[in-house]
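Notes follow the structure.
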Number of protein chains: 2
Amino acid sequence: MNYPGGIKPKLAEDGNVNAKKKAKTGKIKPGNRGMDFEAGINETNAYYLEKGLCLIIKRPTPINVVSVDYTHGPKITSAYFETQSTTDYNGVYKGHYIDFEAKSTHSKTSFPLSNIPPQQIEHLERVLLHGGIAFFLIDFALLNEVYLLPAEDIIAFYKEKPRSSLPLSWVKEKGKLVKLGYRPRYDYLPLVESLFFPSLH
Amino acid sequence: MNYPGGIKPKLAEDGNVNAKKKAKTGKIKPGNRGMDFEAGINETNAYYLEKGLCLIIKRPTPINVVSVDYTHGPKITSAYFETQSTTDYNGVYKGHYIDFEAKSTHSKTSFPLSNIPPQQIEHLERVLLHGGIAFFLIDFALLNEVYLLPAEDIIAFYKEKPRSSLPLSWVKEKGKLVKLGYRPRYDYLPLVESLFFPSLH
């Protein structure tokens, strides 16, 4: 997800090809999971949108444009991918601001904190300060398990840094397992509802 | 604002230079206003963030990447600016989702609806459907006047289309005049408070 994921499907349609494969076989190959996690989140958000459940949008990957050729309309001839200074996803659910980052790891035992740039922690702290709902979706690709973790817990761990990675046991304790399926692929919204709208239950 | 505004300051620092000029003279030249509107909104949002009032972020301009050279790390060698399919700004204020588009016109009498792509109308309808706060900031550059208009009003006008542009009289009737100043440049937040949080007043 750190790599220019928003652009990838336009460079090569691997993501879509894999998605089609999966749709046919109904299986999710662990090896493809890391690559496909973002595509799956996007599909999930499209499903939620279609069902009128929430509006979550992926932020475009920021690109630093160095030179543009205006000969036949503006064409970028030199540019670099920039690191997202916020998170990949935000949007609205029942009027509330939602903000989250989706990360994938191939580790079977822990999630390395080095995957989270400091500016994302800072951004999520600001979201919480302003009353927004903030979390991570962490994909343990080889385990075929995705967890929703409140940003508060990860920020606290990040700051205390008892370890350089989040142990899976800690993730299981603090997080909620996301139900995986065909449509939606990663059904995280019921967890948002139960975790962040507790008064309604 | 439709043109790759997020990128402009990196192509040439005109925006910043103008901002500095203005800071020195304390005056806003009408001729620079269209170009500087986005920069002014960004400054305003930075001010609000610094003061802990809200968190509003400009979405990066989406770019369709055609080819990348990986010889010395990924360098984009061919790409095109895409039209923002949503709006330029979103964020969180007191837990609520905020979404708006900032547009500038050089007309002294009306705001042409052709400046609003249909997908922005569709996006703002979805924001409203999910309980978000949605509006436009419209800059009449030559009048030195900026108005906040609730998205609902503009969507209704856009759909009925009694005219192809919003007359200034209509804008004055439906909208609220934004207080202009040095810091913040465009003080729209008090209008958000009074329009969308009326129960507190």
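The values are calculated or read from the model by the stated rules, or taken from the named source; none is laboratory data. Treat the numbers as computed from the prediction; the structure is a model and nothing was measured. Neighbour counts run over all protein chains shown; Cβ positions are idealised from the backbone, glycine included. SASA here: full protein model, heavy atoms, side chains in, ligands and nucleic acids out. Shrake-Rupley method; radii C 1.70, N 1.55, O 1.52, S 1.80 Å.
How about the range A:111-139: which of its residues are within 14 Å of chain B (Cβ to nearest Cβ) and hydroxyl-bearing (Ser, Thr, Tyr)?
none
Kindly provide the set of residues from the range A:93-107 that are outside any strand (DSSP E or B), closer than 30 Å to residue B:196 by Cβ and open to solvent by 10 Å² or more (accessible area, probe 1.4 Å), ordered by number. Lay out the reasoning, then the answer.
First, the residues of the range A:93-107 that are outside any strand (DSSP E or B): A:94-95, A:106-107.
Going one step further and asking which of them are closer than 30 Å to residue B:196 by Cβ, we end up with A:94-95.
Selection gives A:94 alone.
Do you know which residues across the range B:113-147 are of a type in the set (Val, Ile, Thr) and crowded, with 18+ Cβ neighbours inside 10 Å? Quick ask: steps written out before the conclusion?
Filtering the range B:113-147 for residues of a type in the set (Val, Ile, Thr) gives B:116, B:121, B:127, B:133, B:138, B:146.
Within the range B:113-147, B:116, B:127, B:133, B:138, B:146 meet the criteria.
Which ones in the range B:50-63 are open to solvent by less than 50 Å² (accessible area, probe 1.4 Å) and either at the interface with another protein chain (Cβ under 7 Å from one of its Cβ atoms) or assigned to a loop (DSSP other than H, G, I, E, B) (or both)?
Matches in the range B:50-63: B:52, B:54, B:55, B:57, B:59, B:60, B:61, B:62, B:63.
From B:191, B:142, which residue is away from chain A (no Cβ under 14 Å), of a type outside the set (Asp, Glu), over 23 Å from residue B:58 (Cα atoms) and not in a strand (DSSP E or B)?
Testing whether each residue is away from chain A (no Cβ under 14 Å), of a type outside the set (Asp, Glu), over 23 Å from residue B:58 (Cα atoms) and not in a strand (DSSP E or B) leaves just B:142.
Could you check, for the range B:1-16, whether at least one of its residues is surrounded by fewer than 16 Cβ atoms within 10 Å (Cβ to Cβ), more than 20 Å from residue B:183 (Cβ to Cβ), at pLDDT 90 or above and aliphatic (A, V, I, L, M)?
Checking the range B:1-16: not a single residue is surrounded by fewer than 16 Cβ atoms within 10 Å (Cβ to Cβ), more than 20 Å from residue B:183 (Cβ to Cβ), at pLDDT 90 or above and aliphatic (A, V, I, L, M).
Within the range A:42-73, restricting attention to residues that are of a type in the set (Val, Ile, Thr) and touching a Leu at 6+ places or on another chain (Cβ under 7 Å), which residue is farthest from residue A:98 (Cα to Cα)?
If we filter the range A:42-73 for residues that are of a type in the set (Val, Ile, Thr), which is where we start, we get A:44, A:56-57, A:61, A:63, A:65-66, A:68, A:71.
The next check asks that each one be touching a Leu at 6+ places or on another chain (Cβ under 7 Å); those that pass are A:65, A:68.
Values: A:65: 29, A:68: 35 Å.
Looking at the filtered set, the residue picked out is A:68.
Is it true that residue A:172 is over 17 Å from the mean Cα position of the chain (by Cα), part of a loop (DSSP other than H, G, I, E, B), surrounded by fewer than 17 Cβ atoms within 10 Å (Cβ to Cβ) and modelled with pLDDT of 95 or more? Quick ask: steps written out before the conclusion?
Values: over 17 Å from the mean Cα position of the chain (by Cα): yes; part of a loop (DSSP other than H, G, I, E, B): no; surrounded by fewer than 17 Cβ atoms within 10 Å (Cβ to Cβ): yes; modelled with pLDDT of 95 or more: yes.
So residue A:172 fails the test.
Taking the condition of being within 12 Å of another protein chain (Cβ to nearest Cβ) and not charged (D, E, K, R), how many residues in the range A:93-110 meet it?
Going through the range A:93-110 one residue at a time, the tally reaches 5.
Determine, yes or no, whether residue A:110 is under 18 Å from the mean Cα position of the chain (by Cα), at pLDDT below 95 and either more than 23 Å from residue A:45 (Cβ to Cβ) or open to solvent by less than 20 Å² (accessible area, probe 1.4 Å) (or both).
The answer is no for residue A:110.
Give me the residue from the range B:69-92 that is open to solvent by less than 20 Å² (accessible area, probe 1.4 Å), part of a strand (DSSP E or B) and among the hydroxyl-bearing types (Ser, Thr, Tyr) and, out of that set, farthest from the other protein chains (Cβ to nearest Cβ).
Only one residue fits best here, namely B:89.
Can you confirm whether the range A:148-164 contains a residue that is crowded, with 23+ Cβ neighbours inside 10 Å and within 14 Å of another protein chain (Cβ to nearest Cβ)?
Scanning the range A:148-164 turns up at least one residue that is crowded, with 23+ Cβ neighbours inside 10 Å and within 14 Å of another protein chain (Cβ to nearest Cβ).
In the range A:91-130, which residues are in contact with a strand residue (DSSP E or B) (Cβ under 6 Å, 6 or more places away or on another chain), of a type in the set (D, E, K, R) and farther than 20 Å from residue A:141 by Cβ?
A:99, A:126
Would you check if residue A:181 is over 21 Å from residue A:126 (Cβ atoms) and open to solvent by less than 20 Å² (accessible area, probe 1.4 Å)? Step through it out loud before you land on a result.
Numbers: over 21 Å from residue A:126 (Cβ atoms): yes; open to solvent by less than 20 Å² (accessible area, probe 1.4 Å): no.
Spelling it out, it is not the case that residue A:181 is over 21 Å from residue A:126 (Cβ atoms) and open to solvent by less than 20 Å² (accessible area, probe 1.4 Å).
Go through (1) assigned to a helix (DSSP H, G or I); (2) within 14 Å of chain B (Cβ to nearest Cβ); (3) crowded, with 21+ Cβ neighbours inside 10 Å and name the single condition residue A:46 misses.
Exception for residue A:46: condition (3).
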